[in-house]
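Remarks on the structure that follows.
The values are calculated or read from the model by the stated rules, or taken from the named source; none is laboratory data. From a predicted model like this one, the values you see are computed outputs, not experimental measurements. Cβ: placed from backbone, ideal geometry, glycine included. Neighbour counts: every protein chain shown. With ligands, DNA and RNA removed, areas are computed over all heavy atoms of the protein, side chains included. Shrake-Rupley method; radii C 1.70, N 1.55, O 1.52, S 1.80 Å.
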Number of protein chains: 2
Amino acid sequence: MTAKISPELPERLVAAALAALERGEDVGLRALARDTGVSAMAPYRHFRDKDALLAAVAMRGFADLRDQLLAANAAPDPREALVAQGQAYLAFARARPALFRLMFAGHDGGPPPIEDNAYGVMVRRVRELAPVSLEAATLACWSAVHGMATLALDGGLSPDGSSVEHAALKMIVAGISAAKRS
Amino acid sequence: MTAKISPELPERLVAAALAALERGEDVGLRALARDTGVSAMAPYRHFRDKDALLAAVAMRGFADLRDQLLAANAAPDPREALVAQGQAYLAFARARPALFRLMFAGHDGGPPPIEDNAYGVMVRRVRELAPVSLEAATLACWSAVHGMATLALDGGLSPDGSSVEHAALKMIVAGISAAKRS
DNA sequence: CACTGTATGATTACGCTGTAAACATCATGG
DNA sequence: CCATGATGTTTACAGCGTAATCATACAGTG
């Protein structure tokens, strides 16, 4: 009665986790295994423990986020592009809140939250604005956007205040592009 | 064999939770009750469920945070004061990371993360800088500081990069004080 | 082809958790 | 003096993460 079907259990587990997150449920190894039609211990053949699985899910999330940022990066003007990236970041957090929170929940072994090229997508644009104090400018920009997303999820922001958010983002890039030296 | 001693179980439970958080352990109702020398079900006489207890803990955290911000608010110049507040906010998050994360973890029934006067402490200073676009400026400032704190906890920032952080904070207030209209 | 090692999954079991239900004990006010 | 409500205890149950052990199927080698 061994199944041994269908492609790659790990992928199906991660997919099931993403689905559960989208559904607003809280993910658990057992429920996850049940959804995948497999025994409770099966996931342990592919992930050291629950955190390892969640780290894999988070990585998928970071990849998606990077794609969203890239898609929003079209404008030639760096200021416009950065604001658009910020809005995309916010939209991602609001569209998939549980996943977003998981991504930044600090599961020990996982990758740093600033992952892969999602970071690079932004840094390239910031460099056009503030090449001398790049580090500080990048930190300011990313912090502001990430903080706004977090506050939005936790109820501090009204979900329809997009014009205020837009104005705030413009202030940030203004402050950044005004920097001459550290 | 009924204890019925000592002042107010709820306070002692919250205190035990804070202690456990400070110790880096993860809080649980049972362990909490054990630390307090009381039975596992006792907390339910004072809190509807675990989330309610955590919400109380979070409120205590917000009060502490507000005090830190007030203490950092001394400088007469609003720009300096805001930067100092940001640094205090960061210091709080780094000094008590588990509590900070709990405060913004979005336990349903709790208060909004921007709590009490902690918010007001900052808003008053922002108003001196950008009275016309207050909403956006406040959002920009709070978002940046909160995002920096979150990123710091999740390993994205080096713990000794305080000069970069300082520069980033200055950029933020520069962008805010440059705002003339929305 | 038979044989064996390795990868994958299933079973079982343990201690932990949050919490529902029923019971005991006290302080208090009619 | 006794009923009543507030507080804490005991017992019980379902769910969780995971350690240990067993079963199966496939791959490579003789």
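Structure above, values below:
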{"read-out": "Point-charge dipole on Cβ atoms (K/R +1, D/E -1) for chain A, about Cα centre, debye to 20", "value": "200"}
{"read-out": "Most fluctuating residue given options A:P43, A:P76, A:P131, as computed from a GNM of chain A linking Cα atoms under 10 Å", "value": "A:P76"}
{"read-out": "Shape category assigned to the protein assembly as shown from the gyration tensor of Cα positions, a/c cut at 1.5", "value": "oblate"}
{"read-out": "Segment A:1-47 - percent relative contact order, Cα under 8 Å, separation 6 or more", "value": "33"}
{"read-out": "Within segment A:80-104: backbone nitrogen closer than 16 Å to the A:M59 label point (7 Å, Cα to C-beta)", "value": "A:103-104"}
{"read-out": "Surface per residue (accessible, 1.4 Å probe) for the protein assembly as shown, Å²", "value": "49"}
{"read-out": "Lys, Arg +1 and Asp, Glu -1 on Cβ, resulting dipole of the protein assembly as shown about Cα centre, debye, nearest 20", "value": "20"}
{"read-out": "Summed residue charge, Cβ within 11 Å of B:L32's Cβ, Lys/Arg positive, Asp/Glu negative", "value": "+1"}
{"read-out": "Backbone N under 16 Å from the A:N117 label point (7 Å along Cα→Cβ), restricted to segment A:34-68", "value": "A:60-68"}
{"read-out": "Cα gyration tensor shape for segment A:60-177, rounded if a/c is under 1.5, else prolate or oblate", "value": "oblate"}
{"read-out": "Chain A, relative contact order [Cα under 8 Å, separation at least 6], %", "value": "21"}
{"read-out": "Shielding by partners, peptide B:126-136 (average Cβ within 10 angstrom, other chains)", "value": "2"}
{"read-out": "Cα lying deepest toward the dipole's positive end in segment B:1-47, options B:A31, B:A17, B:Y44, charges on Cβ", "value": "B:Y44"}
{"read-out": "Per-residue average of Cβ from other chains inside 10 Å of B:96-106", "value": "2"}
{"read-out": "Exercise: per-residue mean of other protein chain Cβ atoms within 10 Å, A:160-170", "value": "5"}
{"read-out": "Accessible carbon and sulfur surface of chain B relative to its total accessible area, %, 1.4 Å", "value": "53"}
{"read-out": "The protein assembly as shown, helix-only ellipticity at 222 nm - DSSP H runs n ≥ 4, -39,500 (n - 2.57), divided by all residues, nearest 500", "value": "-21500 deg cm²/dmol"}
{"read-out": "Distances in nm from B:G28 to the matching label points in the other copies, shortest first (labels 7 Å along Cα to Cβ)", "value": "1.3"}
{"read-out": "Solvent-accessible area buried by pairing A with B, both sides, nearest 100 square angstrom, 1.4 angstrom probe", "value": "2600"}
{"read-out": "Selection from A:A168, A:A91, A:L65, by position along the positive dipole direction of chain A (Cβ)", "value": "A:L65"}
{"read-out": "Segment B:57-110 versus segment A:140-164: alpha-carbon centroid distance in Å", "value": "17"}
{"read-out": "Gaussian network model of chain B, Cα within-10 Å springs - most flexible of B:A84, B:A144, B:A167", "value": "B:A167"}
{"read-out": "Label distances, nm, B:R60 versus same residue in remaining copies, Cβ-directed 7 Å point", "value": "3.9"}
{"read-out": "Under 5 Å, built H, 5+ apart or other chain: amide partners of B:A105", "value": "none"}
{"read-out": "Simple spin-label estimate for B:E25 and A:A52 in nanometres, 7 Å along Cα-Cβ", "value": "2.8"}
